[in-house]
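Here the structure is laid out as C-alpha cells; the discussion comes afterwards.
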There are 2 protein chains.
Amino acid sequence: MSNYQTPLRDINFALFELLDYSLHCSTIGQSALDTELANAFLVEAARFSETILAPLGPLGDRAGCQLVEGRVITPPGFKEAYQQYCAAGWPTLSRSTLYGGQGLPQSLGIVLSEILGTPNWAWGMYVGLSQGAMHTIETHGSLRQKQQYLPSLISGRWTGTMCLTEAQAGSDLGLLKTKAEACTDGSYKITGTKIFISSGDHDLAENIIHIVLARLPDAPPGTKGISLFVVPKILISESGDLLEQNNINCSAIEHKMGIHGNATCVLNFDGATGWLLGDINKGLNQMFTFMNLARIGSGLQGLAHGELGYQTARRYARERLQMRSASGPRYPEKAADPIIVHPDVRRMLLTQKVLVEGVRMLCYFSALKMDLSQNSASPDMRDSASDVAGLLTPIVKAFSTEVGFESANLALQCLGGHGYIREWGLEQNLRDCRIATLYEGTTGIQALDLLGRKIIGSGTKTLVALIDEVNEFCSDCAANEQLAPRAAQLTTLNQEWLELSLSIADKAQHNPDEIGAAAVDYLMYSGYLVLAYLWLRAEKIARTQLAGGAEDASFYTAKLASADFYFARILPRTAGLVQSIKSGADNLMSLPDESF
Amino acid sequence: MSNYQTPLRDINFALFELLDYSLHCSTIGQSALDTELANAFLVEAARFSETILAPLGPLGDRAGCQLVEGRVITPPGFKEAYQQYCAAGWPTLSRSTLYGGQGLPQSLGIVLSEILGTPNWAWGMYVGLSQGAMHTIETHGSLRQKQQYLPSLISGRWTGTMCLTEAQAGSDLGLLKTKAEACTDGSYKITGTKIFISSGDHDLAENIIHIVLARLPDAPPGTKGISLFVVPKILISESGDLLEQNNINCSAIEHKMGIHGNATCVLNFDGATGWLLGDINKGLNQMFTFMNLARIGSGLQGLAHGELGYQTARRYARERLQMRSASGPRYPEKAADPIIVHPDVRRMLLTQKVLVEGVRMLCYFSALKMDLSQNSASPDMRDSASDVAGLLTPIVKAFSTEVGFESANLALQCLGGHGYIREWGLEQNLRDCRIATLYEGTTGIQALDLLGRKIIGSGTKTLVALIDEVNEFCSDCAANEQLAPRAAQLTTLNQEWLELSLSIADKAQHNPDEIGAAAVDYLMYSGYLVLAYLWLRAEKIARTQLAGGAEDASFYTAKLASADFYFARILPRTAGLVQSIKSGADNLMSLPDESF
C-alpha cells in the first residue's frame, strides 16, 4: 500500500481539461483560484496523503480502535497525522472566511477528500464527518453558535459528528425516539441511544461536537417531529474554555468487516446538555440542505477503493509471470509472460480503469454543479444547476459505490489467491469498501430518491435539464465524423431514458410499487448513461489534443482506448437493465412474504 | 447463524423431483439406494450440520488457526466435530467398498458436502480435501498404496491434502520447481516449498497424507514433466504403524480475508520421503481425471454461501420494521412494515433465491452426469454424459461461485448497516465466500477451459450434446401452452449460443486472443442459459404438481414465481453479455502494457 501514488495526471485531466475548472471558478466568484494555485493545493495534498496517510492504512486495519474505560483510542499514528493535517491548515480549505476558513469552493474540498481518503478511508472519515458538522452549523446555526463552535472546528482543535441512527431507526428516521426536553436556560436535555456513529469518540482532538437528531415531547410523530441539536462531548464556557464532561457515554464500538481504524460508536445520551440548531421540527429538512454534499462525499469512497485497487492490480499484473500470451511469447527472456498480456486480465483491468476514471469525472462534474447551484451569479444557472445536482447526487452516491465495489472486487480477482491474503492489501480494500453502499442511505434508498423524488417528483423536469445538456453536446459532435456515431448512440439512449422514466411514472399512478420495483435497475442504468456522456466528452478532448500534437500522447491514446472499451463492454449492460425495468412490479410482489 | 436450517425441502425437490434420483441410481447400478434410504442420509447429515457444525462457524472465524511450534491448532471444537463425523461413518460414504467405504454414488457425496459445508465451510474443507486425496489414490495408486493408505483415510483416522501451488506457480503449474529425486529403495526425496495448502497441517487426525506435484531431475520442462507423489506427514511402517515425522515443516499460515478456521499453510518439503503415484511425468493428466469432481466441490461453495446468506437475509427482512409499504400499511398494528414488503428488498431476496436454487439444480445436474459418465451400463450414455459433464464443470465452478458471491453480497445489503457488523454473520459469510472464485482455478482459468478446451477444442461437439438435450425438452414443452413461450425463447437462445460459439471459434483462427477476450462473458452467458433450462424444468414440475392438487401448493407456487422472476429479471443479463462478447479482442488488446 505504501506504493500508492495520487493519480494527479488524471485528476488534472478531469478537473482542468474536462471541466475547465479555472473558468468554473470565475463563474462562482473565485477567480483568484487559477489552475496553478488549485494544482499547488492538490500536489501538497498528494504529498501528505502518500507519505503520512498511506502507510497508516494497513496499520489502522490491524490495530483497529480500542474502547478503554469509555474512551476510544485510535490506531497508532492517527493522532499525529491529524495534528499534521491541522497544522497544514487543511480543515480550513472550504470553510467560511468569517471563522478562520479559506472560503475556497466545495468542489476543491471534494477533490481534497478524494486525495486524503484514497489510501486510508478510515482516517479520512474523522475529518470528513467533521466537515459535515461544520457545514451544518454554518448553514443552520445562530450567530452565537457559529462564533462559539466554528473557529475551533475549522482550526481542527475540535471535530464533529452526525448522530442520526438508532437501533430501530435506520433508513426510516421517522421512527427515532431520542428525546429533547427544554430547560429553563434555553438548553435541552437529550436522552437516547444512537448507534453506528462514525468517529463518535476518538482521541484525535480535545472536543467533539455532536449534531444530534432528537424529538421534542410535543413533536408530531414521524419525520415531521425531528429537530437538530448541537451537543458537545465536553461542555464549553462562554469564553470557549472546556468545562466538564457532558452526559454522553460511548458504551461500545462495533466489530465491523472493515474500516477498523474508524470507531463506529454506540453513544448513550443520558440527559446530555444540548442546544437547538435551526428551527423546531425542521431537523430533517435542514439535514437535506447539505445531504447532497455528504452523499457526494460518500460516493467518493467508491472512487477511492476503485483507484487503490486498480493501482495494485495493475502493478501485480505487470510483475506476475504466468503462462505465455496466446499469440506467442511476448517476453521470451522471462520464465513466462507477465499476466497483463492475457486478454481476460486486461478485461478486468480495463473495467476498473473506465469505471474509476468515469466515476472521478462523475463526482467532479456533480461537485461543480453544486458549486454553481449555490454560487453562480445567474439565478437561472443556479436553478438549472441545482436541478441537475439534485438528480446526480443519488447516482453519485449509489452508482459510484456499487461500481467501486465491483472494481475493488475485480482488483482482488486479478491477484488470484494472493488477493485473498493480507500482504497486498486488496482484501482490506474490499472490506473497507463494502460499507459504502450501506451508510448515508443504501443503494435502495438512493434509488428511491432518484426515481421517486428527483425524476417522477419533478415531472421529469430535472431529467430533461440533464438530457438537454447531453443532447446539446451530442449535436456539437454530429459534425465530427469520429465522434458522430457514439453521439448518435447516446442521443438514442437519452430518448430511451426519458421514455423509460415516463413509462414508469405512468405505471406508478396505478401501482405505487412500480417505483421501488424499477428503482435500483433504473439508477444503475442512469449511471451508465451519464458515464457514457462523460467518456464521450473525454474522448473529444483526447482527440483534440492528439490532433494538436500533445506532448503526452500516450495519456490521450489511453483515453481513446478506454472510451472504446466503455462503449463496447460496459455500456451494453443497459440492455439487460432495460428489460428488467420494463418487466414491472408483478414478478416482485406476487410471492407471499412467507414463501420466500 | 445457529438458526441455520438445511433446506431439505429444496434439496429433495432438486434431487428426487427434478432429477429423479431413484431412477438415476438404478441406471448406475445403485438400485439399493432408493428415495427413502437416500433421504435418511440427508436428514442425518442435516442434523449433524445444524447442531454440531453450524455453531462452530462463527467461533472458527473468531478463533482462527494458530501455528505453535510448527504445528497448526484448529479452533476449539473443530477436532471434536471431526471425531463425531468419523464416528458416524461420514468419510466412508462414497468411497471404495474394498477399503472400508460404502461405495455410494459420488453425487450423494456432493449433496453431503453441500449440507456439511454450508454453515461452516472452513471446517468442511478439511474433510473435502481429504476426499480428493482418497480419490487420487483410489484412481492412480498401486494396489500396495491403496492397501497402505486407503483404510485409514476412509475411516478418517488420517486426512489428506493436495499440494500443487508454489510461489511462482499458481495458474501456471508448468513453472513448478519442487524436485523429486529417486532413492535406491524405490522412494523419492521431495524438496521444495508449497504455498496456499488448504488443511496443510492441523490437529484433527493423527496423520496427513499429502499428494504432491513435483518434478524429476530429467523431466521435460513445463506441464509435461510433472509427477504425482504421495508424501505422508508421519512415515508409516509396513504394518501401518506410525513411525517418525517426515521432513515436512509448516513454516507459516496465511492471514486471509476469511475461512479463518481452515489453515492455509506454507509447507517446506526438505528431502521428505515420498512415493510415486501413477506414472512418471503424467502427474497433471492424472490430476485432471478427478478435477471435475474437485471443481464441482468448489462450485458448491457458491451455493453454500448463497444459501446461508439468503436464510439470514430472509429472516431479517421479515423481522426488521422500517417504513410503510408504498401501497399503504400492510401491518398497521406494528410501528412500521417489515422490510420484506418493499419491492427492492424483494428484488434482492428473489435474486438470491433464484440464483441459489438454480445453482443447486446445476450442481446436482452436473453431479448426476458425472455419475453416468463413469457408471452407466451403456457406453454411449457414458460418452455423452462425459461430454456434458466436462462442459458443465467449469460452469459449475465459476458461474456458481460468481453468482454465489453476488448472492452473499446482496444478503449483506438486505441488512443495511447491520450487515456490515459481526453480529448477523453476513460479513463473515461474504469474506468466507470470496475465495471461491480464486482457488481450484480462477474464473478466468475456468472460462478458458470451457471455451478453449471444451467448446472449441471439441469442435462444439460437447455443446451440441447439451443443446440437443435442452432442445428436446423444449420440444416436449411446445404442446403445453403455459410452457411453450419460454420453451421457444430458450430454443432461440440455444441457437444464439451455438452461433456465438462458432463465431468465436472462427475469429480465433485468425487471432488466438479472441478466446480469452470472450471467455468470461461467454461462461457467464452459458451459466444463465443452463439455469434457464433448469428453471423451466422446475416450472414444468411445479405446474404438474399444482394441477394434480399437491399438498404443499405454496412450495410449488413459489417455484412458479421464481421462474417468472428468473426469466424476467436475471436471464436478460445475457443481452449485455452477447454485445460484449461480439465486440471482440481489439478493445482489450490495443492499449500498451505501460498505458494502464
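Starting from a Cα-only point model with no solvent, please compute log10 I(q)/I(0) by Debye for the protein assembly as shown at q = 0.09 1/Å. The calculated log intensity ratios at q = 0.09 Å⁻¹ are -1.14. Farthest toward the positive end of the dipole of chain A, out of A:Val43, A:Cys163, A:Ala478, is the Cα of A:Val43, where the dipole comes from beta carbon charges about the Cα centre. Using a 7 Å projection from Cα along Cα-to-Cβ, the label point at B:Glu469 is separated from the same position in the remaining copies by 5.3 nm, smallest value first. Using every pair of distinct Cα positions in segment B:8-281, the Kirkwood expression returns a hydrodynamic radius of 19.6 angstrom. Remark: C-alpha extents of segment A:444-586 on the principal axes read 57, 25, 23 Å, sorted largest to smallest. Shape analysis of chain B based on the Cα gyration tensor places the equivalent ellipsoid semi-axes at 39, 29, 25 Å, largest first.
May I ask for the longest run of chain A untouched by GluC sites (Glu not before Pro) that are loop-located per DSSP and have at most 10 neighbouring C-beta atoms (other than their own) within 10 Å?
The reported range is A:70-237.
In a simple Cβ point-charge model (Lys, Arg +1; Asp, Glu -1; nothing else charged), chain B has a dipole of about 800 debye relative to its Cα centre. Projecting the Cα positions of B:Leu355, B:Phe365, B:Ser376 onto the charge dipole of segment B:313-378 (unit charges on Cβ atoms of Lys, Arg, Asp and Glu, taken about the Cα centre) puts B:Leu355 furthest along the positive direction. As a length-normalised measure over Cα pairs under 8 Å and 6 or more apart, the relative contact order of chain A settles at 12 percent.
Sorted from closest to farthest, the other copies place their B:Thr184 label points 10.6 nm away, with each point set 7 Å from Cα along Cα→Cβ. Where Rh is the Kirkwood radius over the Cα pairs of segment B:149-260, the temperature 4 °C and the viscosity 1.567 mPa s, what D in µm²/s does Stokes-Einstein return? Approximately 85 µm²/s, per Stokes-Einstein.
Descending by average beta-carbon neighbour count within 10 Å, the peptides A:24-34, A:292-302, A:377-387 line up as A:292-302, A:24-34, A:377-387, the highest first.
Summary of the geometry: segment A:331-388 and segment B:446-522, compared by the centres of their Cα atoms, lie 35 Å apart.
Return the whole-Å distance between the Cα centroid of segment B:159-236 and the Cα centroid of segment B:71-88. What the calculation gives is 25 Å, centre to centre. Pair-distance distribution P(r) for segment B:1-88, from all Cα-Cα distances in 10 Å bins starting at 0: 15, 33, 26, 18, 8, 0 percent.
Using a 10 Å cut-off on Cβ to Cβ distances, tally the other chain neighbours for every residue of A:156-169 and report the average as a whole number.
What the average comes to for A:156-169 is 1.
Taking other C-beta atoms within 10 Å as the exposure proxy, A:Val388, B:Val396, B:Val403 rank A:Val388, B:Val403, B:Val396 from fewest upward. When shorter helices are ignored and each DSSP H run of at least 4 residues is given -39500 (n - 2.57), the per-residue value for chain B at 222 nm works out to -17500 deg cm²/dmol. For segment A:282-441, the alpha-carbon coordinates run over 66, 30, 17 Å along the three principal axes, in decreasing order. Exposure proxy shown here: for A:Ser583, A:Ser407, B:Ser49, A:Ser239, the number of other Cβ atoms within 10 Å sets the order, fewest to most, as A:Ser239, A:Ser583, B:Ser49, A:Ser407. By the beta-carbon count within 10 Å of each Cβ, the least crowded to most crowded order of B:Leu112, B:Leu8, B:Leu18, fewest first, is B:Leu8, B:Leu18, B:Leu112. In this Cβ point-charge picture (+1 for Lys and Arg, -1 for Asp and Glu), segment B:371-515 has a dipole of about 420 debye about its Cα centre. Computed from point charges on the beta carbon alone (+1 for Lys and Arg, -1 for Asp and Glu), the dipole magnitude for segment A:282-441 about its Cα centre is near 400 Debye. Each Lys or Arg adds one and each Asp or Glu subtracts one; over the other residues with Cβ under 11 Å from the Cβ of A:Met291, this totals 0. Placing a label point 7 Å from the Cα of A:Asn480 along the Cα-to-Cβ direction, the distances to the matching points in the other copies come to 5.6 nm, shortest first. For trypsin sites (Lys or Arg not before Pro), the sites in segment B:116-222 that DSSP calls loop and that have at most 15 other Cβ atoms within 10 Å are B:Arg157, B:Lys177.
Here's the picture: charge each Lys and Arg Cβ at +1 and each Asp and Glu Cβ at -1 in chain B, and of B:Leu276, B:Asn429, B:Ala575 the one pushed furthest to the positive end of that dipole is B:Asn429.
Shielding of peptide B:558-568 by partners, expressed as the average count of other chain Cβ atoms within 10 Å per residue Cβ, is 4. Averaged over the residues of B:185-197, the number of partner chain Cβ atoms lying within 10 Å of the residue Cβ comes to 1.
Any read-out appearing in this document is the output of simple, stated calculations on the displayed coordinates, not a laboratory observation. Computed from a predicted model, the values in this text were never measured in an experiment. With ideal geometry, Cβ positions are generated from the backbone for all residues, glycine too; neighbour counts draw on all protein chains shown.
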